[in-house]
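Engineer: This is the structure I have questions about; it appears just below.
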Amino acid sequence: MTSVRIAASILSADFARLGKEIEAIEKAGADFIHVDVMDGHFVPNITIGPVVVRAIRPHAKKPLDVHLMIAPVDPFIQAFCEAGADGISVHPEAGPHVHRTLQYIRDCGRRPGIVLNPGTPIDFIDNVLDLVDLVLIMTVNPGFGGQEFIASQLRKIEAAAERIARSGRKIDLEVDGGITPETARRAVDAGANILVAGTSVFKGGAANYAANIARLRG
Ligand code: DX5
Ligand code: ZN
């Protein structure tokens, strides 16, 4: 599992010290900084917006992997691009025209990603695979960190991996939610190459971050 990359979800970081937390988790080996944006409408929780992305940008050397859980999403894409997002991932339920949304992210010069909730069928990626650099499979219902991995999504990860291989394009396959050393192995075996993890990487404070990340790499 050495080639798997870790996207550290700052949802589980100390928000009063976000800049320092990002520096510490990167030093510990994180490959991406995963930013969970929630609006209290598309998901039942509120987190952060573009001003925070802009504030943390100078503290991150690694790409900011911004996961938008907001609806409607289109009016905010430009603000996240300007704030310094590197990748922007959207749910197809977050607007009426996900194809256009993904094109818009590309036009802004960012890496577009499509996210599937546990209840969203895999077919939703079929007509947009030519537009995306990332497919993100949720293994929890979005809204909160610390939830349990939904094992029924392993089949969907496999199905996404098959479709990506068939497309012939270089597309990352990311998995988000309930990642522990045990579920990390299962997700990677199913075809994932990027794992989002919050609880399991930030637990125990900065002295433990490197060991936490190493355990997820297997
Ligand atoms: C959930 C978020 C996840 C979450 C993962 O809505 O998209 O990124 O922070 O947290 P853990 O690793 O605690 O399941
Ligand atoms: Zn996320």
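Engineer: Kindly report the accessible area of the chain per residue (heavy atoms of protein chains, probe 1.4 Å, no ligands, DNA or RNA), in Å².
Structural biologist: On the way: 9340 Å² over 218 residues.
It amounts to 43 Å² per residue over the chain.
Engineer: Roughly what % of Cα-Cα distances in the stretch 5-217 sit above 22 Å, to the whole percent? Write down the numbers at each step before the final one.
Structural biologist: Values: 10017 of 22578 pairs.
Across the stretch 5-217, Cα pairs with separations above 22 Å total 44 percent.
Engineer: Work out which trypsin sites (Lys or Arg not before Pro) in the chain are exposed loop sites (DSSP not H, G, I, E or B, at most 13 other Cβ within 10 Å) and give the longest gap free of them.
Structural biologist: Details: sites that count: LYS61, ARG169, LYS170, LYS203.
Answer - 62-168.
Engineer: Next question, about the same structure. GLY49: net charge of surrounding residues, Cβ under 14 Å, Lys/Arg +1, Asp/Glu -1, itself excluded? If you can, show how the numbers build up before the last one.
Structural biologist: On the way: positive: ARG54, ARG57; negative: ASP36, ASP39, GLU82.
Value of the local net charge: -1.
Engineer: If you average the sequence gap of Cα pairs under 8 Å that are 6 or more apart and divide by the length of the chain, what percent do you get for the contact order?
Structural biologist: Values: 454 pairs, mean separation 48.1, N = 218.
Relative contact order for the chain comes out at 22 percent.
Engineer: How much of the accessible area of the stretch 5-217, probe 1.4 Å, is carbon plus sulfur, in whole percent?
Structural biologist: Values: 4780 of 8960 Å².
Whole-percent figure for carbon plus sulfur exposure: 53.
Engineer: In nm², what is the average projected area of the convex hull enclosing the Cα atoms of the stretch 145-218?
Structural biologist: Details: hull surface 20.0 nm².
Mean projected area of the Cα convex hull: 5.0 nm².
Engineer: With +1 assigned to the C-beta of every Lys and Arg and -1 to the C-beta of every Asp and Glu, and no other charges, what is the dipole magnitude of the stretch 1-156 about the Cα centre in debye, to the nearest 20? Mind dumping the intermediate values first?
Structural biologist: Details: 14 positive and 18 negative charges, 72 e Å.
Computed charge dipole of the stretch 1-156: roughly 340 debye.
Engineer: Continuing with the same structure: Within a Cβ distance under 15 Å of ILE22, other residues only, what is the Lys/Arg minus Asp/Glu net charge?
Structural biologist: Details: positive: ARG17, LYS20, LYS27, ARG54, ARG57, LYS61, LYS62; negative: ASP14, GLU21, GLU23, GLU26, ASP31, ASP36, ASP65, ASP86.
Cβ neighbours under 15 Å give a net charge of -1.
Engineer: Roughly how much of ASP107 is accessible, in Å² to the nearest 10, using a 1.4 Å probe?
Structural biologist: Surface accessible to solvent at ASP107 totals approximately 130 Å².
Engineer: Let me ask something else about it. Which one, PHE124, ALA214, THR199, projects farthest toward the positive side of the charge dipole computed for the stretch 5-217 from Cβ point charges (K/R +1, D/E -1)?
Structural biologist: ALA214
Engineer: I've got another one for you. How about LYS156: which lysines have a C-alpha closer than 24 Å to its C-alpha, ignoring those fewer than 8 places off in the same chain?
Structural biologist: Within the straight-line cut-off, LYS156 pairs with LYS170.
Engineer: With the Cα gyration tensor of the stretch 1-85 giving a ≥ b ≥ c as the square roots of its eigenvalues, does the rule (a/c under 1.5 for rounded; else a/b larger than b/c for prolate; else oblate) give rounded, prolate or oblate?
Structural biologist: Working: a/c = 1.71, a/b = 1.59, b/c = 1.07.
Since a/c reaches 1.5 and a/b is larger than b/c, the shape of the stretch 1-85 is classed as prolate.
Engineer: Got a sec? Charge dipole of the chain, +1 on Cβ for Lys and Arg, -1 for Asp and Glu; which of HIS34, THR47, ILE70 is way out at the positive end?
Structural biologist: The Cα lying farthest towards the positive end belongs to HIS34.
The values are calculated or read from the model by the stated rules, or taken from the named source; none is laboratory data. A quick note: this is a predicted structure, and the numbers were derived from the prediction, not measured. Glycine also receives a Cβ, built like all others from the backbone with ideal geometry; neighbour counts cover every protein chain displayed. The area values use the complete protein model at the heavy-atom level, side chains included, leaving out ligands, DNA and RNA. Shrake-Rupley method; radii C 1.70, N 1.55, O 1.52, S 1.80 Å.
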